[in-house]
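Visitor: Here you go, one structure.
The values are calculated or read from the model by the stated rules, or taken from the named source; none is laboratory data. The model shown is predicted, which means the values in this text are computed figures rather than measured ones. Every residue, glycine among them, receives a Cβ derived from its backbone with ideal geometry; neighbour counts consider all protein chains shown.
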Amino acid sequence: MMAELSPEQVREIFLQVGALRTGHFLLSSGRHSNEYWEKFWVLQYPKHVQTLCAEIARRFHDDAVDVVLGPTTGGILLAYEVARQLQTRALYAEKEQGVRCLRRGLALPPNTRTLIVDDVMTTGGATRECIELAEKHQAHIVGVAVLVDRSGGTVDLGYRLEALLTVEAPSYAPDACPLCQQGLPIEEPGTTRLR
């Protein structure tokens with residue numbers, strides 16, 4: 001088991017690879033922000049994925065996790081690596097007709113001790129969809145882990161939440177965005193296109 005990874009070390013990994021961007025961004029939640037945590041700039045480096053997932057695995061080592069569940073796309077890499085380190089199974093919550101589900105005949109039997117992992121959380125949308133999927137299958141959710149919680153710790157998912165880094169990153173409803181009011185062009189850096 002690796003030594004504990006501090007929030008400062010997690011932030012340093014993101015900063016090292018230039019993954020913390022500033023500007024005017026449309027987040028996958030639909031909200032706007034002046035900063036964007038580009039997880040794929042971190043996830044392109046297996047050594048960083050291994051290091052970050054080792055911290056998640058360390059925090060849930062004693063929870064007898066049967067399966068690690070992550071949403072597409074970044075959550076797949078994290079679920080796989082955390083499961084590998086916990087020596088258990090990984091499942092991936094894909095979208096089908098707008099709903100997260102298990103595809104390809106994969107199963108999550110009732111009472112399966114399930115850890116849900118995701119990359120960067122603003123409102124918890126993708127994470128909640130994974131929770132709903134696990135609850136629908138009557139899994140036993142042992143907790144949720146994210147690399148970065150942008151909400152400053154304000155999101156309540158109803159389960160234990162372990163964030164490797166918690167930041168208070170401002171986000172705005174589109175109709176109340178001061179960046180829009182300033183006429184700053186908006187970027188859509190994520191994989192979910194909303195407009």
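Visitor: Within the stretch 120-137, restricting attention to residues that are outside any helix (DSSP H, G or I) and either under 12 Å from ASP156 (Cα atoms) or modelled with pLDDT under 95 (or both), which residue is farthest from the chain's Cα centre (by Cα)? Steps first, answer last, please.
Guide: Residues of the stretch 120-137 outside any helix (DSSP H, G or I): 120-124, 137.
Now drop any that are not either under 12 Å from ASP156 (Cα atoms) or modelled with pLDDT under 95 (or both), which leaves 120-124.
On the way: VAL120: 4, MET121: 5, THR122: 9, THR123: 11, GLY124: 8 Å.
Filtering the stretch 120-137 for residues that are outside any helix (DSSP H, G or I) and either under 12 Å from ASP156 (Cα atoms) or modelled with pLDDT under 95 (or both), the one farthest from the chain's Cα centre (by Cα) comes out as THR123.
Visitor: Exactly one of these conditions fails for ILE13: (1) at pLDDT below 95; (2) not in a strand (DSSP E or B). Give me its number.
Guide: Among (1) at pLDDT below 95; (2) not in a strand (DSSP E or B), the lone unmet condition for ILE13 is (1).
Visitor: Still on this model: Looking only at the stretch 39-65, which residues are in contact with a Lys or Arg (Cβ under 6 Å, 6 or more places away or on another chain) and buried (at least 17 other Cβ atoms within 10 Å of the Cβ)?
Guide: Within the stretch 39-65, VAL65 is the sole residue that qualifies.
Visitor: Could you tell me whether GLY98 is at pLDDT below 95 and surrounded by fewer than 20 Cβ atoms within 10 Å (Cβ to Cβ)?
Guide: yes
Visitor: Exactly one of these conditions fails for GLU135: (1) more than 19 Å from GLY30 (Cα to Cα); (2) surrounded by fewer than 17 Cβ atoms within 10 Å (Cβ to Cβ); (3) touching a residue at least 60 places away in the same chain (Cβ under 8 Å); (4) of a type outside the set (Ser, Thr, Tyr). Give me its number.
Guide: With respect to (1) more than 19 Å from GLY30 (Cα to Cα); (2) surrounded by fewer than 17 Cβ atoms within 10 Å (Cβ to Cβ); (3) touching a residue at least 60 places away in the same chain (Cβ under 8 Å); (4) of a type outside the set (Ser, Thr, Tyr), GLU135 is out only on (3).
Visitor: Return a yes/no flag: does the stretch 16-33 have any residue that is surrounded by 20 or more Cβ atoms within 10 Å (Cβ to Cβ), modelled with pLDDT under 95 and in a helix (DSSP H, G or I).
Guide: No: zero hits.
Visitor: Further question: Read through the list (1) in contact (Cβ under 8 Å) with a residue 60 or more places away in the chain; (2) outside any strand (DSSP E or B); (3) closer than 19 Å to PHE14 by Cα, then give the number of the only condition that LEU147 fails.
Guide: Looking at each condition in turn, LEU147 falls short on (2).
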